[in-house]
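The values are calculated or read from the model by the stated rules, or taken from the named source; none is laboratory data. Model, not experiment: these values are computed from the prediction. Note: ideal-geometry Cβ built from the backbone for every residue, glycine included; neighbour counts use all protein chains shown.
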Amino acid sequence: MEVDWAAITGHGNEIRELKTLLAEGRLPHALLFTGKAGIGKKLVGQILAAAILCGHENAPCGVCDNCRAMAAGTHPDYYELLPEVRGRSNRIIRIEAIREMQTVVSRSAVQAGRRVVLIDDADTMNEPAANSLLKTLEEPEGQVTFILLAHDRSSLLDTIVSRCMPMSFGTLTVEEMKAELSRRQVPGNLVEKLATLADGSLGQALQLSARGGLELRDDALRFLDQLPELTMTQVWKEAAAMGEMEQEKLSEWVQYFNMLLRDMLLLYADGASPLLYNDDLRAQLAGRLAQFSPEQLFAMLAETREITRRLQANVNLRLQLEGFFIRLKDCC
């Protein structure tokens with residue numbers, strides 16, 4: 001685990017604010033970091049936790065026992081809570097996990113004199129878990145700081161949000177992304193593509209590099225090309241094949257499909273637009289504009305947003321895809 005503020009890419013204003021709160025002893029007992037996945041919220045939270053447990057000037061110092069324990073991932077006073085996956089269901093934080101955390105933090109701190117709890121993807125808590133956490137935030141026991149991470153505060157109970165200091169994290173710039181990808185030795189021919197395609201999320205760019213995300217994008221482009229001519233038999237075959245994907249991977253495919261549609265709309269408005277996600281496909285997408293009118297693209301985007309929402313629930317992927325593909329055909 002990193003224990004140095006310098007390890008963070010971007011977010012300079014947020015880091016300065018956190019450092020000031022720490023130095024002045026004004027850090028609240030609960031913070032809520034919101035922003036897109038993969039932009040570094042969790043890394044900021046972990047380094048903030050190290051600084052809280054370090055306690056030295058210019059914390060985290062990186063050399064004390066607390067910092068070394070954090071770097072090794074073995075600090076007894078740091079507790080990290082993650083969503084759980086059961087079978088093919090969505091990632092969820094259940095009440096059992098909250099209760100286990102509550103038991104741990106109710107005990108006296110072992111080493112640092114205080115505790116830090118980081119709850120990743122706090123917006124995946126089910127209702128019982130959220131209500132249980134709310135009681136702890138209202139009446140925390142001992143010296144404990146809570147750091148909640150979420151994509152969007154609207155997914156959390158208003159009562160939880162009101163008991164946290166909110167801090168919104170923006171996406172990284174293309175230049176920040178390119179510099180960090182190069183530093184991580186991503187092949188040079190991919191750096192530009194990944195930095196643009198990942199929409200400000202370093203985590204997404206690294207996943208694309210590691211998991212063949214460009215292949216998913218290319219498959220989404222293939223599907224878009226074939227869509228107007230797809231027969232119902234082909235629709236069933238496409239849905240059956242893609243229904244076997246992991247839900248997370250399928251969601252990525254849908255995201256790339258959405259990006260392609262959005263880029264085509266931009267090209268309709270301005271063929272030289274610098275805002276394309278898929279700038280390396282500019283000529284190919286421009287050549288496909290004759291296949292789809294702006295009205296058709298807007299209708300397909302609406303369907304894509306709807307399937308994105310549905311995929312966040314525990315659904316039958318094949319049935320959802322069949323309906324999605326049929327509605328897309330109806331838009332053409």
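Quick notes
- Among the residues of region 15-46, those identified as surrounded by fewer than 20 Cβ atoms within 10 Å (Cβ to Cβ) and within 18 Å of the chain's Cα centre (by Cα) are 36, 37, 38, 42, 43.
- Residues in region 231-260 that are outside any helix (DSSP H, G or I) and hydrophobic (A, V, I, L, M, F, W, C): 245 alone.
- Looking at 145, 136, just one residue is more than 29 Å from residue 309 (Cα to Cα), in contact with a helix residue (DSSP H, G or I) (Cβ under 8 Å, 6 or more places away or on another chain) and at pLDDT below 95, and that residue is 136.
- Per-region count, region 268-303, residues more than 28 Å from residue 322 (Cβ to Cβ) and surrounded by 18 or more Cβ atoms within 10 Å (Cβ to Cβ): 1
- Residues considered: 215, 252. Of these, the only one that is touching a helix residue (DSSP H, G or I) at 6+ places or on another chain (Cβ under 6 Å), closer than 28 Å to residue 179 by Cβ and not hydroxyl-bearing (Ser, Thr, Tyr) is 252.
- A search for C-beta distances below 8 Å between a residue of region 267-292 that is without any contact (Cβ under 8 Å) to a residue 24 or more places away in the chain and more than 13 Å from residue 221 (Cβ to Cβ) and any residue that is of a type outside the set (A, V, I, L, M) and in a helix (DSSP H, G or I), counting only pairs 6+ apart in sequence or on different chains, returns 267/282.
- Residues being under 19 Å from residue 270 (Cβ atoms) and of a type in the set (A, V, I, L, M, F, W, C) - total across region 294-312: 3
- Meets criteria (among the acidic types (Asp, Glu) and at pLDDT 90 or above) for residue 238: yes
- Odd one out for residue 263, checked against (1) acidic (Asp, Glu); (2) surrounded by 14 or more Cβ atoms within 10 Å (Cβ to Cβ); (3) over 16 Å from residue 218 (Cα atoms); (4) without any contact (Cβ under 8 Å) to a residue 24 or more places away in the chain: (3)
- Among the conditions (1) assigned to a helix (DSSP H, G or I); (2) touching a residue at least 12 places away in the same chain (Cβ under 8 Å), the only one that residue 154 does not satisfy is (2).
- When residues of region 192-208 are limited to those that are farther than 13 Å from residue 279 by Cβ and either in a helix (DSSP H, G or I) or touching a Pro at 6+ places or on another chain (Cβ under 8 Å) (or both), the one modelled with the lowest pLDDT: 208
- Here residue 198 meets the list (1) surrounded by 19 or more Cβ atoms within 10 Å (Cβ to Cβ); (2) in the same structural domain as residue 326 (by TED's automatic domain parsing) almost entirely, failing just condition (2).
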